[in-house]
Every structure is written in structure tokens, then in C-alpha cells.
Amino acid sequence: MTISEMIHRADWTSAELSIEPLNFREIVFLAADEESSERLSRYQAQFADEGLTPVLISHATEIASLLTPNTIVVHIPHVAREKSGVYEAVTKSCTSLIEAAQVLYCYTQDSRERTSRLFWLISRDSGTDGLEYAPLYGLARVMKTEMSESFGGLFDED
């Protein structure tokens, strides 16, 4: 089945940009996939040009000790290289994303002055046509509604 054969199609509008830019000083990358290292090295180089040094972690439990006011957490979802691995990648990505969101939620509830945000970054360079990312779009909508003060957004590189 292809997209053109589908009966229903959801056409979501893009989120509006904030009027005020987010002022952040700390970046934490949450990436459990070792395959993300090439992409991460590009991002780290870009942040280094801006005078920022990102921290790389592999599990959401490591976030709490790294959070300071004005920290952003960038979640890099798991990648499935073949269609048989889509379910596992989706399960791992959603689980780690929810765990990260819970940590940030607790952190921001302690003090309203903290401006930590959770972003996630997807790239459709896998051999699965991005199937492992479909649930993340729905999860992004829920997170925007339920925890708008901590939700930064979902960014699609393509």
C-alpha cells in the first residue's frame, strides 16, 4: 500500500513559531542508537560554532543531573533499518521520549522560572520510509496539549 492508495489522510498545519526566541545555554542529546553518532557529530559542530558544548547521554535517567535553567533536551529517536525492526524502534523511541518528558515535567514543576524544553529530531534516512516516526507525530500533539511549558517541538530534518 502506498500513501496515494490510502482512504484517509490527515493534513496537520505546522506549529507557529514563538514570538520570543528560546534562550538556552545547555544542550543535552538523548540518543540511545549508536547509528545516530554521525548526525550528532554534525549538530555538535554547529553548536560548537556558537560556543555551546552539548552533552550526549543514552538514557533518560541521566537527564535530571544535567538540568539547569535554560537547558534543552534533544531526543534522537531509534532508527529501524528494515521493516521488521519498526515495532521495536517505535517502542523504544516512545518509551525513552515519555521517560524524558516525565523528568522534564518534574523539573519544571519544582520552579516555574525554569525554561527547560524537550525537542525531538527525526530524519527519514532509514530504509523504512519513516514508518518508525509516525507514532511520534501523534505523541507530539499529545505532549503539546498536556505539557506545553516543557514541550519544544518535533523537527523533521527532511
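The values are calculated or read from the model by the stated rules, or taken from the named source; none is laboratory data. Please read all numbers here as calculations on a predicted model, not as lab measurements. Because the Cβ atoms are built from the backbone with ideal geometry, glycine has one as well, and the counts that use them run over all protein chains shown.
Look at the stretch 51-65 and say how many of its residues are farther than 20 Å from M143 by Cβ and of a type in the set (A, V, I, L, M).
Summing the residues that are farther than 20 Å from M143 by Cβ and of a type in the set (A, V, I, L, M) in the stretch 51-65 gives 3.
Tell me yes or no: at least one residue of the stretch 108-129 is at positive phi, over 15 Å from the mean Cα position of the chain (by Cα) and at pLDDT below 85. Steps first, answer last, please.
Filtering the stretch 108-129 down to residues at positive phi leaves 129.
Adding the requirement that they be over 15 Å from the mean Cα position of the chain (by Cα) leaves 129.
Pick out the ones that are also at pLDDT below 85 and you get 129.
Yes - at least one qualifying residue is present in the stretch 108-129.
For residues in the stretch 30-65 being among the hydroxyl-bearing types (S, T, Y) and part of a helix (DSSP H, G or I), which is farthest from A100 (Cα to Cα)?
Among them, the one singled out is S41.
Among the listed residues S84, S96, S58, S65, identify the single one that is surrounded by fewer than 16 Cβ atoms within 10 Å (Cβ to Cβ), in contact with a Leu (Cβ under 8 Å, 6 or more places away or on another chain), at pLDDT 85 or above and hydroxyl-bearing (S, T, Y). Please lay out each step first, then the result.
Working: S84 fails: in contact with a Leu (Cβ under 8 Å, 6 or more places away or on another chain); S96 fails: surrounded by fewer than 16 Cβ atoms within 10 Å (Cβ to Cβ); S65 fails: in contact with a Leu (Cβ under 8 Å, 6 or more places away or on another chain).
Result: S58 is the single residue among S84, S96, S58, S65 that is surrounded by fewer than 16 Cβ atoms within 10 Å (Cβ to Cβ), in contact with a Leu (Cβ under 8 Å, 6 or more places away or on another chain), at pLDDT 85 or above and hydroxyl-bearing (S, T, Y).
Report whether or not T115 is within 21 Å of F151 (Cβ to Cβ), assigned to a loop (DSSP other than H, G, I, E, B), in contact (Cβ under 8 Å) with a residue 60 or more places away in the chain and among the hydroxyl-bearing types (S, T, Y).
On the way: within 21 Å of F151 (Cβ to Cβ): yes; assigned to a loop (DSSP other than H, G, I, E, B): yes; in contact (Cβ under 8 Å) with a residue 60 or more places away in the chain: yes; among the hydroxyl-bearing types (S, T, Y): yes.
Judged against the criteria, T115 is a match.
Would you mind stating whether L52 is at pLDDT 85 or above and in contact with a Lys or Arg (Cβ under 8 Å, 6 or more places away or on another chain)?
Here the answer is yes, as L52 does meet what is asked.
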